[in-house]
Amino acid sequence: MRPARRTFPDRQSLADALAAAIADNLKAAVAARSVASLAVSGGSTPARLFETLSARADVPWDKVTITLVDERWVDETSDRSNARLVRADLLQGRAAAAKFVPLYQGGAEPDPTAAGAAQAAIPQPLDVAVLGMGNDGHTASFFPDGDTLDEALTAEGPVVAIRAPGAGEPRVTLTLPHLLRARELYLHIEGEEKVKTLDKAEADGPVDDMPVRAILRQTQTPLTIYWCP
């Protein structure tokens, strides 16, 4: 069965709807377990979502732990840092009360052991995970031709270091099994090129060619796709 797909006329409408859904998920988690956790993706797409979500005053942000789905192995001073984006656009206003667990631990090479230790601070399973997708069919840092792609798709993790021709810097990523334990799973994409990529990924073909297929084809966790032109 294909994932549910919700289509919106513009980016703000999408951001409003997805922020409302995430806020409801976080509030429900806090009501049920006194804490909540959220893993978000980086890149250019989620900035508007982060700004909209951070304005949700009804979320008990002091009970929420936020981490990243994946991270480029760069210092937070880099404009390529996903953590920098989260701090600038999400951890603002009332949302600044949330606890943030970055994946980058410093040093010249990815250290998944250190990042994994950081992940131990997050209530398990994740309550919400928000994924993105590249035009090459990657999601998280599950890149075609990644040197540890098989491990990233099968290992318990919670994190794996990965290098790939299309990734630029070395990266560290939450593993697929770790992501699929999330109680709520979203795929957030914007633009006509992305929906063309999504349509291609939903067709037959190897997961290694378009690793987002591993998310689209899984049946463990319901997935909702949010898209706008």
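Tell me, yes or no, whether the stretch 126-142 has at least one residue that is surrounded by fewer than 17 Cβ atoms within 10 Å (Cβ to Cβ) and within 18 Å of the chain's Cα centre (by Cα).
Yes, some residue in the stretch 126-142 is surrounded by fewer than 17 Cβ atoms within 10 Å (Cβ to Cβ) and within 18 Å of the chain's Cα centre (by Cα).
Take the conditions touching a helix residue (DSSP H, G or I) at 6+ places or on another chain (Cβ under 9 Å), buried (at least 18 other Cβ atoms within 10 Å of the Cβ) and not small (G, A, S) and apply them to V35. Does it pass?
no
Look through the stretch 184-229, keep the residues that are among the β-branched types (V, I, T) and in a helix (DSSP H, G or I), and return whichever of them is surrounded by the most Cβ atoms within 10 Å (Cβ to Cβ).
It comes out as I215.
Here are the criteria: (1) out of contact with any Asp or Glu (no Cβ under 6 Å at 6 or more places or on another chain); (2) surrounded by fewer than 17 Cβ atoms within 10 Å (Cβ to Cβ); (3) free of Cβ contacts under 8 Å to residues at least 40 places away in the same chain. Tell me which single one T175 does not satisfy.
(2) is the only condition that T175 fails.
If we scan the stretch 197-216, do we find a residue that is within 28 Å of A20 (Cα to Cα) and free of Cβ contacts under 8 Å to residues at least 60 places away in the same chain?
Yes.
Among the candidates L18, L38, L14, L49, single out the residue that is in contact (Cβ under 8 Å) with a residue 12 or more places away in the chain and touching a Cys at 6+ places or on another chain (Cβ under 9 Å).
The conditions single out L14.
So which of A117, A96, A129 is aliphatic (A, V, I, L, M) and closer than 23 Å to Y226 by Cα?
Within the list A117, A96, A129, the selection yields A129.
Picking from V128, V160, which residue would you name as being under 23 Å from T219 (Cβ atoms) and modelled with pLDDT of 95 or more?
V128
Got a sec? Which strands (runs of 3 or more DSSP E) wholly within the stretch 1-99 have at least 2 residues that are modelled with pLDDT of 95 or more and of a type in the set (D, E, K, R)?
Correct list: 4-7, 70-72.
Go through the residues of the stretch 54-74 one by one and say whether even a single one is buried (at least 18 other Cβ atoms within 10 Å of the Cβ) and over 30 Å from Q220 (Cβ atoms).
Yes, the conditions are met somewhere in the stretch 54-74.
The values are calculated or read from the model by the stated rules, or taken from the named source; none is laboratory data. Remember, predicted model here, so these are calculated numbers, not experimental data. No Cβ is skipped: glycine too gets one built from the backbone with ideal geometry, and neighbour counts run over all protein chains shown.
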